[in-house]
């Protein structure tokens, strides 16, 4: 390297120059530390080669990492070497290192309508927490909102415009409200009941913590995830493939099966590219293939 600075010092300088959120910076740091530790044992940390990056990628696979996870580990490595090359410290040895081929399907299962009904029915709405939990789960299965989007929501984000309820959403990786969803009474009524029970003001978070330690603070994504898993277990669903994020998949697939076109679902989910939304359409097609829909329909033909 064309620098006497230790590689960890260069890493700190790289991270300081990245215009990203603090949680993304922490993830970059954690993943790069894994790479540097691997380099220290398996290569020359002062003069890494392209072949080292390829071997590191293979090592990640050998240790059971999924293609999407491997890609997440490689992304900050690529950015780090790009930074080093731009500052004439070391050539970019990641050029030409291929990204792992990802499965073109969603990674979590989704809930069938009967299980959605069971999930909502098992929530005790006679308590403050139950009112909140029902409103959140109901919102997520009907809009496909992520945990982070629910956590960021404020009371003032829910408004009536031209006689219709609208909800402003701050998407993942966004710094401000970047999309607006038209929502129905089935979504709004449970939320309004919760807002009324707590007399929440416009500036308040839409959903609050109700624990003793963090009472009346904004609900966190961790709390939402744990809450959803608790209710899933209550109805007998306890698998790593069904999580709070599965409610997003549930909304997408239910919307498509109900007749919504792919562009409408893309807008609902806040995807930038329709190709991302297409994974749900392909999931439905795969399901129909397993069910033998086309084959059974031909049984009466001959």
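The values are calculated or read from the model by the stated rules, or taken from the named source; none is laboratory data. None of the values given here were measured: they were computed from a predicted structure. Here the Cβ is made from the backbone with ideal geometry for all residues, glycine too, and neighbour counts use every protein chain on show.
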Item to check | Selected residue (criterion: farthest from the chain's Cα centre (by Cα)) from residues of the range 284-302 that are part of a loop (DSSP other than H, G, I, E, B) and loosely packed, with under 11 Cβ neighbours inside 10 Å | outcome: 302
Checklist entry - Among the residues of the range 201-221, how many are more than 15 Å from residue 131 (Cα to Cα) and either without any contact (Cβ under 8 Å) to a residue 40 or more places away in the chain or part of a loop (DSSP other than H, G, I, E, B) (or both)? => result 10
Checklist outcome for this item: Checking 263, 269, 256 in turn, the sole residue that is under 22 Å from the mean Cα position of the chain (by Cα), under 26 Å from residue 66 (Cα atoms) and outside the structural domain of residue 165 (by TED's automatic domain parsing) turns out to be 269
Checklist entry - Can you name the residue in the range 238-260 that is in a loop (DSSP other than H, G, I, E, B) and without any contact (Cβ under 8 Å) to a residue 60 or more places away in the chain and is also surrounded by the most Cβ atoms within 10 Å (Cβ to Cβ) among such residues? => result 260
Checklist outcome for this item: Going through the range 142-191 in order, the residues found to be surrounded by 15 or more Cβ atoms within 10 Å (Cβ to Cβ), more than 19 Å from the chain's Cα centre (by Cα) and part of a helix (DSSP H, G or I) are 155, 157, 187, 188, 190, 191
Item to check | Every residue from the range 1-59 that is within 17 Å of residue 92 (Cβ to Cβ) and touching a residue at least 60 places away in the same chain (Cβ under 8 Å) | outcome: 1, 2, 3, 10, 11, 14, 17, 18
Checklist entry - Within the range 266-280, how many residues are within 16 Å of residue 181 (Cβ to Cβ) and touching a residue at least 60 places away in the same chain (Cβ under 8 Å)? => result 4
Checklist entry - Counting only residues that are surrounded by 15 or more Cβ atoms within 10 Å (Cβ to Cβ) and not in a helix (DSSP H, G or I), how many does the range 261-283 have? => result 2
Checklist entry - If you check residue 115 against the conditions, is it outside any loop (DSSP other than H, G, I, E, B) and without any contact (Cβ under 8 Å) to a residue 12 or more places away in the chain? => result no
Next on the checklist: It is to be established whether one or more residues within the range 226-237 are without any contact (Cβ under 8 Å) to a residue 60 or more places away in the chain, more than 18 Å from residue 135 (Cβ to Cβ) and either in contact with a strand residue (DSSP E or B) (Cβ under 8 Å, 6 or more places away or on another chain) or not assigned by TED's automatic domain parsing to the domain that holds residue 121 (or both).
Outcome noted: no
Checklist entry - Only one of 11, 15 is under 26 Å from the mean Cα position of the chain (by Cα) and within 24 Å of residue 71 (Cβ to Cβ); which? => result 15
Item to check | From the options 77, 116, residue that is closer than 30 Å to residue 144 by Cα, modelled with pLDDT of 90 or more, within 27 Å of the chain's Cα centre (by Cα) and buried (at least 16 other Cβ atoms within 10 Å of the Cβ) | outcome: 116
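To keep it simple, each residue is scored yes or no on (1) in a loop (DSSP other than H, G, I, E, B); (2) in contact with a helix residue (DSSP H, G or I) (Cβ under 8 Å, 6 or more places away or on another chain); (3) modelled with pLDDT under 90.
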{"site": "3", "(1), (2), (3)": "yes, yes, yes"}
{"site": "11", "(1), (2), (3)": "no, yes, no"}
{"site": "19", "(1), (2), (3)": "yes, no, yes"}
{"site": "25", "(1), (2), (3)": "no, yes, yes"}
{"site": "32", "(1), (2), (3)": "no, yes, no"}
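Residues checked against (1) in a helix (DSSP H, G or I); (2) at pLDDT below 95; (3) farther than 24 Å from residue 31 by Cβ:
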position	(1), (2), (3)
61	yes, yes, no
68	yes, yes, no
72	yes, yes, no
99	no, yes, no
139	yes, no, yes
Next on the checklist: Given the condition surrounded by fewer than 17 Cβ atoms within 10 Å (Cβ to Cβ), modelled with pLDDT under 95 and over 15 Å from residue 137 (Cα atoms), answer yes or no: does some residue in the range 218-225 qualify?
Outcome noted: yes
